[in-house]
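**Q** Before we start, here is the structure in question, set down as structure tokens.
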Amino acid sequence: MKTLYFRIVLTFILIAMVSSMFALLLSNGYYLVKLQGANEQKVWTIASEIRTLYEQVPDVDPASYFTHVANMGFQIYLVNDQLAGTTYGSPFKHNQIDPEQIRRVLAGETYRGILNEKHFLMVTGFFENSIQNSVGLPLQINGKSYALFVRPNLEQQIGQVRILMAFLLGLTFLFSIALIVIFSQYIVKPVKKLTEATKRIVGGDYQMKMDVSRKDEIGVLARDFTQMAQSLKQLDDMRQEFVANVSHEIQSPLTSIQGFAQSIINKGTTEEEKERYLQIIWEESKRLSSLSKQLLTLASLDKENNVVKRTTYRLDEQLRQIIIICEWQWSEKEISIELELPEIEITADSQLLHQVWLNFITNSIKFAQPKDTLRIEIRKQQTNIVVAISDTGMGIPASELPYIFDRFYKADKARNRTGAGSGLGLSIVKKIIELHGGHIVTHSVFGEGTTFEVHLPRV
């Protein structure tokens, strides 16, 4: 399996090689456009000066003259009319040249091989040590025609520089590869830590320390990963707490049902006790049924798959119907009802919102004292519809207020379990409002009352 480290190193090496190839191609283009002609002209000028200087001192020995000139950094090839050639200075690595070219120079023409020679990369022709890569011009020596071919002896002129440059480029490439191999580990190291952290999360261990001080993308990833781990831990804690709460809520009525049923089976109870036990069994089974329905509702809402079935209906009429449905509850406590419900239509899921209003209203009635007041009003805003449900009941302590919408949370822990409910009602309400794109604002003063404001978009 190819690791990320191997891929990064290989990628950098390929980048270096490809960059070198592109640099070579660009250098070749620059040589063709800017340097080739100028270089050839320089060589041509030098060859012409060599010939002119010799013609001004015709009595000098040709062999001695061309030897001294070659010693100044040139390679010279002199050919007589019999096509016999003599080399002065360092020998050519490739001394083959077309005889027809020699004859043309002997006949008075010139030869410009630096321009005419073709190579795959023309820039390499600058260093080609051959007679063909030279300039040729006719020369008269003692009345006889000769062909003079001249090119710079680069080995003598810049040989050490060439070796130094090759050594420099080679070391640069090798050091680049070595540094890539070393520093790639610093790129891969935090990724490896993230991989190890992922494995720990899979194993259920959410406690980890990541380097979140970095300011680059790795640092951002580490911070996001740490936040994700914390969120997963909270989710796992919530899941465990949820399972424990569900188990506890189910176990409590089941224990009561089993205990009282066993008492009836044992036949050691009076008829009056049997009737009371059966009543308790019925209430506990009803609470168990309500709990299962609420759990199914929460599961359905959590999926959020086409849960909301929107229709347009009269919101004020819906609230009045719920007040009528709960009449026996608030009339029993002689609770005063104040309504401010202007006619208004809303596009929403009527069944889900019915459950919201019913929950808020029944809770207000449940925790109200006799002759308290329950106020329900609708306020129209520019983009929202606000439904405010207020009571003058016992209120909610400030320390409890942030948690009232948590699942299985019960603010009134002093009440008995039957009266306090399952702790799922407000969680369901909040989820329904969120699915409608709204939110809930809660105001409560302990001992004075509570107001729930439901803000819904006007769609």
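The values are calculated or read from the model by the stated rules, or taken from the named source; none is laboratory data. None of these values were measured; they are calculated from a predicted model. Cβ coordinates were reconstructed from backbone atoms using ideal geometry, including for glycine residues, and neighbour counts include every protein chain displayed. Surface accessibility is based on the protein's heavy atoms, side chains included, excluding ligands, DNA and RNA. Shrake-Rupley method; radii C 1.70, N 1.55, O 1.52, S 1.80 Å.
**Q** State whether one or more residues within the stretch 379-399 are free of Cβ contacts under 8 Å to residues at least 40 places away in the same chain and either of a type in the set (Asp, Glu) or in contact with an Asp or Glu (Cβ under 7 Å, 6 or more places away or on another chain) (or both).
**A** Within the stretch 379-399, none of the residues are free of Cβ contacts under 8 Å to residues at least 40 places away in the same chain and either of a type in the set (Asp, Glu) or in contact with an Asp or Glu (Cβ under 7 Å, 6 or more places away or on another chain) (or both).
**Q** Next question. State whether the residues of the stretch 335-342 include one that is over 26 Å from Pro457 (Cβ atoms) and of a type in the set (Val, Ile, Thr).
**A** yes
**Q** Restricting the stretch 335-350 to residues that are of a type outside the set (Ser, Thr, Tyr) and touching a residue at least 60 places away in the same chain (Cβ under 8 Å), which is surrounded by the most Cβ atoms within 10 Å (Cβ to Cβ)?
**A** That would be Ala348.
**Q** Does Ile361 satisfy being surrounded by 19 or more Cβ atoms within 10 Å (Cβ to Cβ), within 45 Å of the chain's Cα centre (by Cα) and not in a loop (DSSP other than H, G, I, E, B)?
**A** Criteria not met by Ile361.
**Q** Among the residues of the stretch 307-334, which ones are within 23 Å of Pro457 (Cα to Cα) and open to solvent by less than 80 Å² (accessible area, probe 1.4 Å)?
**A** Val307, Val308, Thr311, Tyr313, Arg314, Leu315, Asp316, Glu317, Gln318, Leu319, Ile322
**Q** Considering Thr198, Thr226, which residue is touching a Lys or Arg at 6+ places or on another chain (Cβ under 9 Å) and either modelled with pLDDT under 75 or under 30 Å from Ile8 (Cβ atoms) (or both)?
**A** Numbers: Thr198 fails: touching a Lys or Arg at 6+ places or on another chain (Cβ under 9 Å).
Answer to the check: Thr226.
**Q** Determine which single condition Leu278 fails, assuming it passes every other condition in (1) over 56 Å from the mean Cα position of the chain (by Cα); (2) within 27 Å of Pro370 (Cα to Cα); (3) surrounded by 12 or more Cβ atoms within 10 Å (Cβ to Cβ).
**A** Just one mismatch for Leu278, condition (2).
**Q** I want to confirm something. Restricting to the stretch 376-393 and keeping residues that are of a type outside the set (Ser, Thr, Tyr) and open to solvent by 60 Å² or more (accessible area, probe 1.4 Å), which single residue is nearest to Gly447 (Cα to Cα)?
**A** Restricting to residues being of a type outside the set (Ser, Thr, Tyr) and open to solvent by 60 Å² or more (accessible area, probe 1.4 Å), the top hit is Arg379.
**Q** Within the stretch 354-363, is even one residue closer than 19 Å to Thr450 by Cα and touching a strand residue (DSSP E or B) at 6+ places or on another chain (Cβ under 6 Å)?
**A** yes
**Q** Which of the residues spanning the stretch 325-349 are within 55 Å of the chain's Cα centre (by Cα) and either in a strand (DSSP E or B) or at pLDDT 90 or above (or both)? Give the derivation first.
**A** Step one: list which residues in the stretch 325-349 are within 55 Å of the chain's Cα centre (by Cα), which gives 325-326, 338-349.
Within the stretch 325-349, Glu338, Leu339, Glu340, Leu341, Pro342, Glu343, Ile344, Glu345, Ile346, Thr347, Ala348 qualify.
**Q** Against the conditions (1) open to solvent by 100 Å² or more (accessible area, probe 1.4 Å); (2) touching a residue at least 12 places away in the same chain (Cβ under 8 Å), where does Pro190 fall short? Just the number, please.
**A** (1)
**Q** Suppose the filter is open to solvent by less than 40 Å² (accessible area, probe 1.4 Å) and not basic (Lys, Arg); does Glu400 pass it?
**A** When the stated conditions are applied, Glu400 passes them.
**Q** Among (1) open to solvent by 20 Å² or more (accessible area, probe 1.4 Å); (2) closer than 14 Å to Leu137 by Cα; (3) part of a helix (DSSP H, G or I), there is one condition Val105 misses while meeting the rest; what is its number?
**A** Condition not satisfied by Val105: (1).
**Q** Please go through the stretch 441-459 and pick out each residue that is of a type in the set (Gly, Ala, Ser) and touching a Leu at 6+ places or on another chain (Cβ under 8 Å).
**A** Ser444
**Q** Identify all residues within the stretch 288-313 that are part of a helix (DSSP H, G or I) and either of a type in the set (A, V, I, L, M) or modelled with pLDDT of 85 or more (or both); write none if there are none.
**A** Leu288, Leu291, Leu295, Leu296, Leu298, Ala299, Leu301
**Q** Could you identify the single residue in Glu55, Glu40, Glu49 that is closer than 22 Å to Arg151 by Cα and in contact with a helix residue (DSSP H, G or I) (Cβ under 6 Å, 6 or more places away or on another chain)?
**A** Exactly one of Glu55, Glu40, Glu49 is closer than 22 Å to Arg151 by Cα and in contact with a helix residue (DSSP H, G or I) (Cβ under 6 Å, 6 or more places away or on another chain), namely Glu40.
**Q** Of the residues Leu179, Leu148, which single one is at pLDDT 75 or above, among the aliphatic types (A, V, I, L, M) and in contact with a strand residue (DSSP E or B) (Cβ under 7 Å, 6 or more places away or on another chain)?
**A** Just one listed residue meets the conditions, Leu148.
**Q** Tell me the residue from Ser252, Ser285, Ser263 that is modelled with pLDDT under 75 and of a type in the set (Gly, Ala, Ser), please.
**A** None of the other options fit; the residue is Ser252.
**Q** Further question on the same structure: Any chance you could count how many residues in the stretch 199-222 are under 14 Å from Lys233 (Cβ atoms) and not in a loop (DSSP other than H, G, I, E, B)?
**A** 3
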